[in-house]
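The structure appears below as structure tokens.
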Amino acid sequence: MLRICVCVSGGGTNLQAVMDAIDTGKITNAQIVRVISNNRGAYALERAKSRGIDAAAVSPKDYEDRECFNEALLACVDGAEPDLVVLAGFLVVLPPMMIKKYEGRIINIHPSLIPSFCGKGFYGLKVHEAVLARGVKITGATVHFVDEGTDTGPIILQKAVEVLPDDTPRVLQQRVMEQAEWVILPQAIHIIANGLL
Ligand code: GRF
């Protein structure tokens, strides 16, 4: 059974998609052992608790400096003894120490077709604003391994989504989540959990 630790910052709809996929058997051989948020008020923590999953907040605000926060975050991840760390809308730059320790065992979901609209500054709605500003007709989402760079690690899965003429960043964000993110994040976990990569 693959032990998963999910890191989140916000609403947690990707976390929800993973929990649902485990419940319905779309993901097999995996369990979520802990959900960690850098944001105490993240609704994602409520989603975890309501499923009886261990939920922890590790906020930079509670620590003297970045170094102390980084240590606390890594300790919280380590405590879950995960085989896989899933970043599902986690808006924290990971401590280099953590990336090293969990090399090949951290995956991230990014709301564009990497290498387009990724890297520094491309997160949340900003990705979809940039997509619309450039006028591309196809966007999508990517699940990839995390390395020391920003959105540079090996790609696991991608799914394309159409951009429509009247899209606003929020409308497009929702479509990318529904049609791509909530589909390929569970798929990627299933693939890893079953040695199919
Ligand atoms: C998603 O768009 C994800 O790709 C991005 O942050 C958003 C998270 O949404 N990195 P949620 O918290 O899973 O609802």
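Brief remarks on what is shown
- Within the chain, antiparallel bridges make up roughly 40 percent of the DSSP beta bridges whose residues both belong there.
- Taking every Cα-Cα distance in region 1-99 and sorting them into 10 Å bins from zero, the calculated P(r) comes out as 17, 52, 27, 5, 0 percent.
- Shape of region 87-146, Cα gyration tensor, a/c cut at 1.5: prolate
- Contact order relative to length of region 52-191, as percent, for alpha carbon pairs under 8 angstrom and 6 or more apart: 19 percent
- Cα-based equivalent ellipsoid, region 6-57: semi-axes from gyration tensor eigenvalues, Å: 19, 10, 8
- Between region 44-70 and region 113-179, the alpha-carbon center distance in angstrom: 26 Å
- Between Lys120 and Ala75, the contour length at 0.36 nm per residue exceeds the Cα-Cα span by 13.6 nm.
- Cα gyration tensor category, rounded, prolate or oblate, for region 71-183 with a/c compared to 1.5: prolate
- Over 25 Å between alpha carbons, listed pairs Lys137/Lys159; Lys120/Lys159; Lys101/Lys126; Lys49/Lys120; Lys100/Lys159: Lys101/Lys126; Lys49/Lys120; Lys100/Lys159
- Taking label positions 7 Å along the Cα-Cβ direction at both Leu91 and Asn194, the computed distance is 3.5 nm, reported to one decimal.
- Cα-based Rg / Dmax (Å) for region 118-188: 12.1, 37
- Spin-label pair Glu46/Asp147, simplified geometry with 7 Å Cα→Cβ offset, distance in nm: 4.0 nm
- Calculated FRET value between Glu64 and Gln31, using beta carbons and R₀ = 30 Å, to 0.05: 0.30
- Normalised by the number of residues in region 41-135, the mean separation of alpha-carbon contacts (under 8 Å, six or more apart) gives a relative contact order of 17 percent.
- Max mean-square fluctuation residue, GNM over the chain, Cα-Cα springs under 10 Å, options Ile27, Ile138, Ile114: Ile138
- Calculated P(r) of the chain - Cα pairs past 25 Å, %: 33 percent
Since every read-out is calculated from the coordinates, none of them should be taken as a lab result. All values derive from a computational prediction rather than experimental measurement. We place every Cβ from the backbone using ideal geometry, glycine too, and count neighbours over all the protein chains shown.
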